[in-house]
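Bear in mind these aren't lab numbers, they're just calculated from the coordinates by the rules spelled out. All of these numbers come straight from a predicted model, not from anything done at the bench. Cβ placement follows ideal geometry from the backbone for every residue including glycine, while neighbour counts extend to all protein chains displayed.
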Amino acid sequence: MSEYTSEFLTVLSERGYIHQVSDPKGLDALCAKETVTAYIGFDCTAPSLHVGSLVQIMMMYWLQQTGHRPIALMGSGTTRVGDPTGKDESRKVLSDETIEDNKAGIRKVFDKLLTFGDGPTDALMMDNADWLLGLNYMNFLRDIGRHFSVNQMIQRDSVRLRLEREQHLSFLEFNYMLLQGYDFLEIYNRTGCRLQMGGSDQWSNILSGVDLIRRKVAVEAFALTSPLLTTSSGAKMGKTADGAVWLNEEQLSAYDYWQYWRNTEDADVERFLKLFTILPMDEIKRLAALEGSEINEAKKILATEATALMHGRNKAEEAAETARKAFEEGQSAEGLPTVEIARSGLEAGLGVLSAFVLAGLCASNGDVRRNIKGGGVRINDAVEQDANRQLTLDDVTADGVVKLSLGKKKHVLLKPV
RNA sequence: GGAGGAGUGCCCGAGUGGCUAAAGGGGACGGACUGUAAAUCCGUUGGCUAUGCCUACGUUGGUUCGAAUCCAACCUCCUCCA
């Protein structure tokens, strides 16, 4: 199934976005014939999406680029229920207000990559709260529930595995596929959308919508999932020491975002170039052919291109330049993350411990002490071994800052104001 | 409704009266080696106004000189039966 005729599926396929498609030939024919509307759902559990969702976002980008219409579905309705799919039972109950705030933050990402509007291929933003919150249980059971076969539902991997291992499965979880299926039907009715995409873990939920649409309105709908991404050494994408790699600049600076991609493992470079940049394929092949330390060139391009998509070309170039100065010339370039402190505080003397905590480099004074002991703490590029060292105005460099470093990669400039 | 089991640090998981800020593993962070990579090796991994003090083993109370460890009640989760 590697040969597609439609531009959309060809691009997705050669760039590695496709894990499973419900009816490859049928979908391919549809995409080649007409403007297809497709949607992906996002829950509003955090104020920003992170790189874990980036594959899905990029699929929407390519959908629009190849002449189709994407719909970003905000799952603020399902978020109010709480997605039970995660194994952690300790999920917070989010207030309506928080969910609305989160939704606002998440929308920003889509504005960067998709063109919204009323044209035939302009993207749409929808919210399942609009139809889920007012749902009447009896009506839902009668109109939607009747079309779901429990016999089939328990065949789904997500359910079957739980049952086979005699693990608990709540009725709420069991219902989740109905809700998501209903979303698909509702969106089809409103927009004629016939394709739902998502991560591979969403496969069975998407199929339930495909089935529902067939039963309810006798139309063939399609499911397309992307592979679950891990790094070559098996770690989940998007997790770092400080938490998730957020897409919004309020949560993660463009510089840090650039650094995240710059530190990609060798083995992932080609895959990530295809998935997370929009560079042409022959350019990617050229970069992927680099070996040894030359791979670093490919990583820099990956970082700059990926950052440009999220934060704009200027911010990406700045981040690249800052990194070049900091790492290749050893200067304390201006673009490094900067924390402002009161000049009076420095005059009085500021302890190293406090300084590193203040700068956000360490979690606690003890954390700083440990790193001092381990030789990982530097002030203005000089290793500091005295935990009682006081920073004063004498430590301010010609650039008007004090450069604090933790390890070789993390730098923060303290700027007295 | 009945019977049984479980809740330990970021996660998994030992511990069943003092030697326990709590084995071991994972993860993470720092160091060495490199290419701001991987692998490997070494170190660290509750907080503080720090030779001491405080907080911590689901919650609350109790027994005890002393409890993560014993007792009681409660909460939560799980399994089986109905």
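So if each residue of separation counts as 0.36 nm, and I subtract the Cα-Cα distance between A:L133 and A:R156, what length gain in nm does that give? Each step should come with its number before you reach the end.
Working: separation 23, 0.36 × 23 = 8.28 nm, distance 2.67 nm.
The span from A:L133 to A:R156 would gain 5.6 nm if fully extended.
Between A:H19 and A:D111, what length in nm is gained on full extension when 0.36 nm per residue of separation is reduced by their alpha carbon distance?
Numbers: separation 92, 0.36 × 92 = 33.12 nm, distance 2.62 nm.
Value of the extension gain: 30.5 nm.
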* To do: Can you tell me how much longer the chain between A:S95 and A:E317 gets when fully stretched, taken as 0.36 nm per residue apart minus their C-alpha distance, in nm with one decimal?
  => 76.0 nm
* Tell me, what ³J(HN,Hα) does each residue in the range A:21-37 have, in order and in whole Hz, if you take phi through Karplus 6.51 cos²θ - 1.76 cosθ + 1.60 with θ = phi - 60° and put x for Gly and Pro? -> 10, 5, 9, x, 5, x, 5, 4, 4, 4, 5, 6, 8, 9, 6, 9, 9
* Centre separation in Å (Cα based) which lies between the range A:277-344 and the range A:1-56 -> 28
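Under a Cβ-only charge scheme (Lys and Arg +1, Asp and Glu -1), can you give me the dipole magnitude of the range A:303-370 about the Cα centre, in debye to the nearest 20?
Numbers: 7 positive and 10 negative charges, 52 e Å.
Rounded to the nearest 20 debye, it is 240 debye.
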* Cα centroids of the range A:106-134 and the range A:137-154: how far apart, whole angstrom? -> 28
* To do: In vacuum, with every alpha carbon of the range A:24-80 counted as one equal point scatterer, what does the Debye formula give for log10 I(q)/I(0) at q = 0.13, 0.16, 0.28, 0.29 Å⁻¹? Two decimals, please.
  => -0.41, -0.58, -1.13, -1.17
* Before anything else, pin down the relative contact order of the range A:297-372: Cα pairs under 8 Å, at least 6 apart, normalised by residue count, whole percent. => 14
* To do: Give the relative contact order (percent, whole number) for chain A; include only Cα pairs under 8 Å separated by 6+ residues.
  => 14
* Which of the lysines could a cross-linker span from A:K285 if the Cα-Cα distance has to be under 24 Å and same-chain partners fewer than 8 positions apart are dropped? -> A:K274, A:K299, A:K300
* Listed residues A:S76, A:S293, A:P416: farthest to the positive end of the dipole of chain A (Cβ charges) -> A:S76
* Asked: Where does helix A:295-311 land angle-wise versus the long Cα axis of chain A, in degrees 0 to 90, nearest 10?
  -> 70
* **the range A:297-417: mean projected area of Cα convex hull, nm²** => 8.0
* Ellipsoid equivalent to chain A - semi-axes via the Cα gyration tensor, in Å -> 45, 26, 19
* Asked: For chain A, modelled as a Gaussian network with Cα springs under 10 Å, which listed residue fluctuates most, A:I213, A:I187, A:I372?
  -> A:I372
* Point-charge dipole on Cβ atoms (K/R +1, D/E -1) for chain A, about Cα centre, debye to 20 -> 760
